[in-house]
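Novice: Shown below is the structure under consideration.
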Amino acid sequence: QVQLVESGGGLVQAGGSLRLSCAASGLIFSINDMGWYRQAPGKQRELVASITRGGSTNYADSVKGRFTISRDNAKTTVYLQMNSLKPEDTAVYYCYAERTRGWYWGQGTQVTVSS
């Protein structure tokens with residue numbers, strides 16, 4: 001099993017920045033990809049960014065150039081630096097970790113961007 005604990009959400013004005021963190025514990029040696037999804041009210045959950053164990057990254061078109069995903073050297077913590085935030089970035093952000101045997105999710109952290 002893998003446990004994920006997120007932190008860093010909050011309320012920010014448009015144009016501001018936030019940094020989300022997600023720390024993994026448990027069977028961390030077997031984690032491959034990690035990343036972030038988000039879900040806004042009335043919308044489906046969507047991929048925001050992901051990073052492989054080797055450091056390759058992938059971003060949703062809507063956040064390219066504004067968000068940066070990174071992972072610590074121990075590969076157990078993933079970060080999402082969010083700059084130039086827009087009201088449409090408002091959502092609950094969920095961290096995930098992928099193992100060969102399945103996916104694991106954090107509890108979610110609310111990000112609210114006011115106009």
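The values are calculated or read from the model by the stated rules, or taken from the named source; none is laboratory data. All of these numbers come straight from a predicted model, not from anything done at the bench. Here Cβ is always computed from backbone atoms with ideal geometry, including for glycine, and neighbour counts include all displayed protein chains. Each accessible area value is taken on the protein alone, full model and side chains, heavy atoms only, with ligands, DNA and RNA left out. Shrake-Rupley method; radii C 1.70, N 1.55, O 1.52, S 1.80 Å.
Novice: Pick from 73, 58, 32 the residue whose mean-square fluctuation is largest in a GNM of the chain, springs joining Cα atoms under 10 Å.
Specialist: The residue with the greatest mean-square fluctuation here is 73.
Novice: Let me know the whole percent of all Cα-Cα pairs from the chain that are separated by more than 20 Å.
Specialist: The share of Cα pairs beyond 20 Å in the chain comes to 35 percent.
Novice: Turning to a different aspect of this structure: Tell me the relative contact order for the chain as a rounded percent, counting alpha carbon contacts under 8 Å between residues six or more apart.
Specialist: Relative CO of the chain lands at 37 percent.
Novice: Excluding residue 65 itself, calculate the net charge of residues whose Cβ lies under 14 Å from the Cβ of residue 65, where each Lys or Arg counts +1 and each Asp or Glu counts -1.
Specialist: +1
Novice: About its Cα centre, how strong a charge dipole does the stretch 18-62 have in debye, to the nearest 20, once Lys and Arg get +1 and Asp and Glu get -1 at the Cβ?
Specialist: Around 120 debye, computed over the stretch 18-62.
Novice: Turning to a different aspect of this structure: Can you grab the distance from the C-alpha centre of the stretch 14-28 to the C-alpha centre of the stretch 48-115, Å, no decimals?
Specialist: The distance from the Cα centre of the stretch 14-28 to that of the stretch 48-115 comes to 7 Å.
Novice: What FRET efficiency comes out for residue 44 versus residue 1 if R0 is 41 angstrom and r is the Cβ-Cβ distance? Round to the nearest 0.05.
Specialist: Result of the calculation: an efficiency of 0.95.
Novice: About the Cα centre, and with charges only on the beta carbon of Lys, Arg (+1) and Asp, Glu (-1), how big is the dipole of the stretch 25-108? Nearest 20 debye, please.
Specialist: 120 debye
Novice: Find, among the trypsin sites (Lys or Arg not before Pro) in the stretch 1-97, those assigned to loop by DSSP (not H, G, I, E, B) with at most 11 other beta-carbon atoms within 10 angstrom.
Specialist: Of the trypsin sites (Lys or Arg not before Pro), the ones in loops of the stretch 1-97 whose Cβ has at most 11 other Cβ atoms within 10 Å are 43, 64.
Novice: Mind checking the full-extension length gain between residue 72 and residue 88? Use 0.36 nm per residue of separation minus the Cα-Cα distance, one decimal, nm.
Specialist: 2.9 nm
Novice: Please give the per residue accessible area of the chain, computed with a probe of 1.4 Å over protein heavy atoms only, in Å².
Specialist: Averaged over the residues of the chain, the accessible area is 52 Å².
Novice: A further question on this structure: Net charge within 12 Å of residue 6 by Cβ-Cβ distance, Lys/Arg positive one each and Asp/Glu negative one each, not counting residue 6 itself?
Specialist: Result for the local shell: +2.
Novice: For the stretch 1-69, take the convex hull of the Cα atoms, compute a quarter of its surface area, and give me that in nm², please.
Specialist: Mean orientational projected area (the stretch 1-69, Cα hull): 5.8 nm².
Novice: Using a 1.4 Å probe on the protein chains only, how many percent of the accessible area of the chain belongs to carbon and sulfur?
Specialist: That fraction is 47 percent.
Novice: Would you please state which residues of the stretch 48-88 a label at residue 29 would reach in this model, taking the label point 7 Å out along Cα→Cβ and a backbone N cut-off of under 19 Å?
Specialist: Of the residues in the stretch 48-88, 53-54, 73-77 have backbone N under 19 Å from the label point off residue 29.
Novice: What is the set of long-range amide H partners of residue 10 at a cut-off below 5 Å, with H atoms built 1.01 Å from backbone N?
Specialist: 111, 112
Novice: Which lysines, on any chain, are close to residue 43 with Cα under 26 Å apart, when same-chain ones fewer than 8 places away are left out?
Specialist: Result set, ordered by chain and number: 64, 86.
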